[in-house]
Structure formats: C-alpha cells, structure tokens
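Take a look at the structure below.
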Amino acid sequence: MSLDSESSPSSSRDWFFPPQSFVQSYPAKSQTYIRRFSETSRISRRYADHQRYRKSSSCISDSHSCSSTSNDAKFARTRRRIDFDRRSDLSLKRSELEFSSKRKLEQSDVSSSAKKVSDTSRLFRSFDSTLKVRWRFLAIAASIFIVIFATLLHENSSLQEQVNGLEARISNLNIKLRACNLFDSGSEDDVRSPDELADFMDKRLKTLALITSLTLLLAPIIILKYIDSKSRSLEHNLEEISLNKQLLYKVDVFFSVHPYAKPLALLIATLQLIMLGGLALFGVTDDSLVDCLWLSWTYVADSGNHANSEGIGPRLVSVSVSFGGMLIFAMMLGLVSDSISERFDSLRKGRSEVVEQNHTLILGWSDKLGSLLNQISIANESLGGGTVVVMAERDKEEMELDIAKMEFDFKGTSVICRSGSPLILADLKKVSVSKARAIVVIAEDGNADQSDARALRTVLSLTGVKEGLRGHIVVELSDLDNELLVKLVGGELVETVVAHDVIGRLMIQCARQPGLAQIWEDILGFENCEFYIKRWPQLNGMQFEDVLISFPDAIPCGIKVASRGGKIVLNPEDSYVLQEGDEVLVIAEDDDTYAPAALPTVWRGSLPKDFIVPKSAERILLCGWRRDMEDMIMVLDAFLAPGSELWMFNDVPENEREKKLVDGGLDISRLENISLVDREGNAVIRRHLESLPLESFDSILILADESVEDSAIQADSRSLATLLLIRDIQAKRMPVRGAKTVTYRGSVSQGSWIGEMQQASDKSVIISEILDPRTKNLLSMSKISDYVLSNELVSMALAMVAEDRQINDVLEELFAEEGNELHIRQADLYLREGEELSFYEVLLRARQRREIVIGYRSAHAERAVINPPAKHERRKWYLGDVFVVIAEKE
C-alpha cells in the first residue's frame, strides 16, 4: 500500500473499518477493534501529511538555493547554514497546525463511530432478550455460537497480525523521520534511500567498534597506572597495604591454589586478543564482524597472514594482532615446555605414583639395603621375579645409582625407587602401601634412640592409612628397650628385629662355638637352605619321630600347633601326633622343592657313649663398648659356667662404666656366674693391648665401638687393626710349634706372620663384629678369625621375616638364652670311628638325646652342609666330623 492511498481519509477509513453487518451483529467485540484501527489510521495520516509538507518545503528550499547560487556562488553554503534553523522552525509550526486540524477531524470520526457502536449494542441486547424467551432454540443457538466464536478467533488472529505489521512499519517510518529531521540539510539530494541509511548506520557501528577496541586496550594500562600511583602515595603509611600489593597477592594466590590457572589465563588472554583484533578490524574494513573475528584469529595463529592486508588501518591492526599472537604463542610454548619439564622432573625425582600390588615395600635407607635387596631377589627367583619398592628421603637418581653399583644379580626382580618421607601419608599412598604384601622399616644409621623414634613414628603413619594394610610390618630396631613400645603401637601387624641384640647374641654363640657364624649365614640367607612352614594333611595322625624321616629333601624341626593358637614348637617330643590344622616347620632349599614321601626303613642303633655337658670356667675379653653392653653381660652370665671372668677393655673411664651399666638396667650384684674386670685403654694402640694377658683368654670379642659405629668403614678399620694387633701379640707370646706349613693365596710359606697368627688362633677364638660386607673377603682370606657379618645377618633376618612373619618366632627362640639353639657337636657322640651310617640313622640316634641333626661338616671341609641330599645312603664317618643340631640350652 502506497503512502498516497494511506493519506486519503476515505480510503483508509474504508480499509480499516469492518463491514456494517459485522458491527451490527457483534457490537461489543467490534468496539475494541474500531478503537485500535482508528488510532493506527490517525498515526499513518499524520506521517503522510508530514511527508507531503517536507517535500513541498524541500522544493521551496531548492528553488531558493538555485537562485542564490546563480547570483553569488561563493556564499551559497554559508546562507544555507544560516537559514536552516529558520526554515526548521517554520516547518515545525506548520506541521503542528495541520496536526491539530487533523486531530479534530479524527475526533469527529471517533464520535460518529461511537454512535454506531451504541446503536449496535442496543440491537445486540434485544437479540439476547429474544434468545432468553425462545428456550426451544437453545441447542441450535449454542452450536451457532460456537461456530461464530471460532470464526471470531480466526478473524481476531488475522487482524492482530495486520496490526502488528502496521505497528512495525510505523516504527520504521518513525526512525526514518527522525533521521530526516536530524540530518536534513535542506536539499532534495539529502533524502537517503534505505540502503544509504543502512550504510550510514554501518559506518557509525564500525566507528563505535573501533572506539571500543581502543578503550578496552587502553583501560588496563590506565587502571595499572592508577593503582601504581595510589600505591606510591600509600608507601609512607605502614599500616595500610597498598592496592598494588593486594592485587599482586591475589594473583599470586590464584596461581598457587589453582593448578590450571596458567592455561586459563593464557586462554583468556588469547580470547581477548582475538576479540579486540576483530573489533578493530571491523572498524577499519568493510567485512562483517564474524569475518573480522575469524581474520583476527588467523593473525593470532599465524603471524604471516597479515602480509595480505591493504590500507594503513588494516595493516596497522593486523601487525598489532600478529605481534600479540607471537607473544601469546611464545607464552604457550613456554607453558607447554615447563609442563613437560615438570613431568619429566617428577618422574626423574620419583614423585609419580607406583601402581603395583603384592610388592615388597622398603622404607628408609642404610648400609643393610644392598644385602636386603639381594636376599629378597633370591627369594623371588622361584616365582620368576617380583617387585621391590624403595622409598627414602633421598634423590631418586642417587638411589638408583647406588643400587646399580651393587655387585649382585636381581634375578628378575624389579627395584623401583621413590623419593619421599614415610611419615607423610601422601607419600605412603604414592608407593601403594595398602597393597604391599610386606613393609620393611630399616633403621637409619646414627643415634639408636633417634633411629628407633623415627621407626615408631613410621609405624604410627602406617597404622593411620585409611585403606588399611594388606601385609605385615617388619621393623628393625637398634635398642631392645624400644621393642615393647613399637609392638604396643603396631599391634598384631608388627614384627620386630632388634639388630644390636641379634648381633650380640650371635657373637656370644659364635665365640663359644667356632664355625657357627657360617652356619647362621647358610640358614638365614635364601641362597642355601632356610625355614619354611606348610601344612600337609596326609601327615595327620603321624608321630613326629616318623615325620622326621618323611621328607627326602627337607629336615623337619618343629610343629606349628593349631590347638595352641598357632604357636611354633621347636624340637617337639617324638610321641607328639600331628592333628588336623597343624603345620610342619622344615629346613629346605625352597618352598617348592620338598614334599613328604613314603616312610623308609631306618635302623636306629645305639649311642656309643653318654653325653656329659662340659662345664668349666672361661675367661672372655670384650674389646670396645656397645650401647647394649648390659644385655651382652646378662646373656654371658646365663651361658657361662660359675667362676668365669669377663674382661672389658675400652676407652670409657672406669668410673663411668658402672653408671652406664646401671642406667641400662644391669644389677651387677645379681651376676651369678661371671665377675667383671675393667681395663681402660685404646684397642688400636699396641702398648695398651700388651698390658693384657691376651694368651690366656678362651674367647675374644672385638666389638664395633659406639664412638665410630655411625661409619661402617671406620668401625671395620678399627676392628681389623685390633684383630691384627691381638693376633700378633699372641703369636709372639706363645711358644712356636714346629715348622708349620701355611697355604696362603695359592702359595706355601713356612714361618710367615700369617702362619703365626693362624697358630695363635688354634688356642683362642676371636670374633670380630663387621659392618661392611666388603670386609668379609679380607678376613676369609687370612683365616685368622671367625667373624660375624653384622649388617648382612640382620638383612637376612629381615628378608626372612618379610617373606614369612612366622619365622620371627623361630629366630627369637634360637637367639634367646632359653629354649632351643644351634649347637655344633662332635661325631663321637653319635657314632664310632669308620662306622657307615646313613644320615637318617644319625638323625634317629640324635633323637635319643632330644636333638635334631640338620647338617654336618666333614673333618677336612671348610663349610658345613645343611639339609644334605641322599639322606638314605650310607657313608663312612670319622671322629673329626662335626654335626649341627638343634637342642635345648645347656
């Protein structure tokens, strides 16, 4: 519909008003539509009148401007500017007059229409009264009413759509009208088409986008300058914190607390750069906003894309965005590089989590670790290897380097190192502590009390694991007095091995029975034979005497009695009958190398003579001072015969020794079998040693002195020096036997100093406490001393208890001063010279003394054979042979 048709009152009135039939039929509904249509037509007529007036005024202004231009072209532009306000005022006054006249006409039209509406309403009421009278036509009227109502709804919706369209059109015309009033310069050429108006609005939008991008770019700089100025003004005020420091603190906390803060900040910076670059490009180019944003992203992603830009504005913006993109990608590369470096550093330093189960976990680091790893590797060899995880407060690379230097084969066992503290639950979870089958806590080198205190805190941390522990805990302690406290904290989960106490008891046993150290090495280590406990249902109802000869490849030595709560009974009576649930303790090469077989026929025989325990007074020398000296004294008092003497030679002043012994719990007045003799001196100074009657001692024990025990090499050097000095003094004082041939390093020499020392060793026994396994070769080569390899024996015991916690009860009884222990017996107690017997026959003869023979050493052999093969075959025995037995304490 054109504007001319809208400007005609009659035509607009005919178009807007509904038919008379509709008005007469529905006066109430039509009144609302008539009011709405009249308002719409009034607005359209006002716009049409104003449009005609504007065209006429523009024609007048054109004619005036044309005449003025022909007379004086120089000042035409100036006169148009001066007359613009005057013409605008005149046009506004004329438009107001016409609008007022039109309003009066409209009011008259509305009044006439109102009269028609009132007449229609009267007709509708009369029709309604007629319907009330005629009840019989009620059903027909209802159906007609429904049809009419549906038709009315349809017409209502169509009319509403038309009204909405007209309102939208009127709003667009009002926008154009305001634009004409604001920017009309009085000429007909200034009347813009819709395309020109759209271009004008697009230019304004681009200008706004450019201003917005510059504002967003400069706003942070202005804010930072303001904050900096405020912080400088507050520097003199010490109580109030500047805004700059607060902001930096917030940023620091944000980057510290949130792990993904750096990537998030980089992402936000990238999006801001793309948005600012897109807005700036939208302001200086003719492209759409979406295209400009995409183009900005290409500049950020690839800085070479800005080479195709044309024009100063686009080039300037593209270079700026490309420069920002280079910075963004430089930061991104730095962030990615740092993340990769941190990940590799975490792997290198042992911070990653161990995903293992049924592994052995070792907590701590000491000189015993090498021997412990070696024993566990040998134990896992039959399983094809295993996994050992070591966690200590050391660098992971250093631990791996030290383990690589150990000269032994791991036999398929993987050793994983992690850096961490066993006192921190997070570090314990990192090594899968809840899934480990055994946890070994190693005592650290240094002060005994500090080491045990740390072990106690470690046990507390382990018991605090929420997931619980699948395996048991083996704790190495340095002081026997702390064992009760650790067991109280750990409960049933903990098995303790007191290193100093074990070594002290072994030294005493080995001093009284030379050669016992080598036997303990064979039994405790996994290289030869060791203890195993297993249940054999086919042996139920059999006596222990028959069980002894039921295993061709093992030697039974005890029973785990189910009826007594699983207590292990070493060397039980022959008449004990195995019950259901009982398990057999044996010495075998491995847990899968033995099984019961059919009972062989064995001749028992009789013993050649009765065994009488020799009880004679002894003289023993202790060189050095240990922190558990009082424990060793009490054990010696239990083992030795009455009237024995115990000499103590060390550099501790004599007036302080008694105080230390009393503080350790020793009551000297209660010693029954021994008397103490104190001598003060340095064990590495010859003149001090020469003051002692060294040739008169039955046994000499060289201890790792308390002052140097923190350093294994220094302690071993001191022990070796003392050993050599003592042997040399003994050799000088003893009468030299006839020319004695000595084999040394493959060569034979007579009267050498090694030979003299070996001759002296035949008279007395010297036991040296050795901490470093490398010192073993020196002593074994010279053969001038029986020795105890301290750290290696403790590591063997820890490995055995880690593999099977039940073995700890066996070791505790064998090390204790009461119960059963290992003994070395002469062959003449069981057989005669040249008698041929099988090992089973010797075993049954020993049962007459309530002893269990577990091995033997031939007269000309250097090492004993534990759990010998072919036990049913007979061989010739000599009186120089010795047997290794488990028997009651003498």
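The values are calculated or read from the model by the stated rules, or taken from the named source; none is laboratory data. Quick caveat: nothing in here was measured; it's all calculated off a predicted structure. Backbone-built Cβ (ideal geometry, glycine too); neighbour counts: all protein chains shown. Areas reflect the complete protein model, heavy atoms only, side chains present, ligands, DNA and RNA absent. Shrake-Rupley method; radii C 1.70, N 1.55, O 1.52, S 1.80 Å.
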Self-check item: Low-density loop positions, trypsin sites (Lys or Arg not before Pro), the stretch 324-378 - DSSP coil, at most 16 other Cβ in 10 Å
Solution: Lys349, Arg351
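Show me the trypsin sites (Lys or Arg not before Pro) within the stretch 372-479 that DSSP assigns to loop and that have at most 10 other Cβ atoms within 10 Å of their Cβ.
Values: sites: Arg394, Lys396, Lys405, Lys411, Arg418, Lys429, Lys430, Lys435, Arg437, Arg454, Arg457, Lys466, Arg470; in loops: Arg394, Lys405, Lys411, Arg437, Lys466, Arg470.
Here the sparse-neighbourhood loop sites are Lys405, Lys466.
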Self-check item: the stretch 530-588: C-alpha gyration tensor shape, a/c 1.5 cut-off, then a/b vs b/c
Solution: rounded
Practice problem: Send over a whole-number figure in Å² for the accessible area per residue of the stretch 530-588, probe 1.4 Å. | Solution: 38
Quiz prompt | With every protein chain in place, the stretch 818-889: carbon and sulfur % of accessible area (1.4 Å) | solution = 45
Quiz item: Amide H to amide H, which residues 5 or more places from Thr387 or on other chains are under 5 Å from it, using H placed in the peptide plane?
Solution: Thr360, Ser414
Exercise. For Lys560, enumerate residues with amide H under 5 Å from its amide H, sequence gap 5+ or separate chain, H modeled in the peptide plane.
Key: Val569, Glu583, Val584, Leu585
Quiz item: How many angstrom lie between the C-alpha centres of the stretch 308-362 and the stretch 423-483?
Solution: 40
Self-check item: Virtual spin-label span in nm between Asp651 and Leu347, 7 Å along Cα→Cβ
Solution: 5.1
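Could you order the peptides 324-334, 809-819 from most to least packed, using the average number of other C-beta atoms within 10 Å per residue? Each step should come with its number before you reach the end.
Working: 324-334: 15.4, 809-819: 17.1.
Those peptides, ordered most packed to least, come out 809-819, 324-334.
Tell me the trypsin sites (Lys or Arg not before Pro) within the stretch 611-693 that lie in a loop according to DSSP and have at most 14 other beta-carbon atoms within 10 Å.
Details: sites: Lys615, Arg619, Arg626, Arg627, Arg657, Lys659, Lys660, Arg670, Arg679, Arg686, Arg687; in loops: Lys615, Arg626, Arg627.
Here the sparse-neighbourhood loop sites are Lys615.
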Quiz item: Can you give me the Cα centroid spacing of the stretch 380-401 and the stretch 862-890 in angstrom?
Solution: 38
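Using a 1.4 angstrom probe on heavy atoms only, work out the carbon and sulfur share of the accessible area of the stretch 353-492 in %.
On the way: 2850 of 6070 Å².
Carbon and sulfur: 47 percent of the exposed surface of the stretch 353-492.
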Self-check item: Spin-label pair Lys245/Thr207, simplified geometry with 7 Å Cα→Cβ offset, distance in nm
Solution: 4.8
Quiz item: How long is the gain from Asp592 to Leu879 if the chain were fully straight, where each residue apart is worth 0.36 nm and the alpha carbon distance is subtracted?
Solution: 99.8 nm
Quiz item: Over the stretch 818-889, with a single point scatterer placed on each C-alpha, what log10 of the ratio I(q)/I(0) does the Debye formula yield at q = 0.14, 0.23, 0.24 1/Å?
Solution: -0.38, -1.05, -1.15
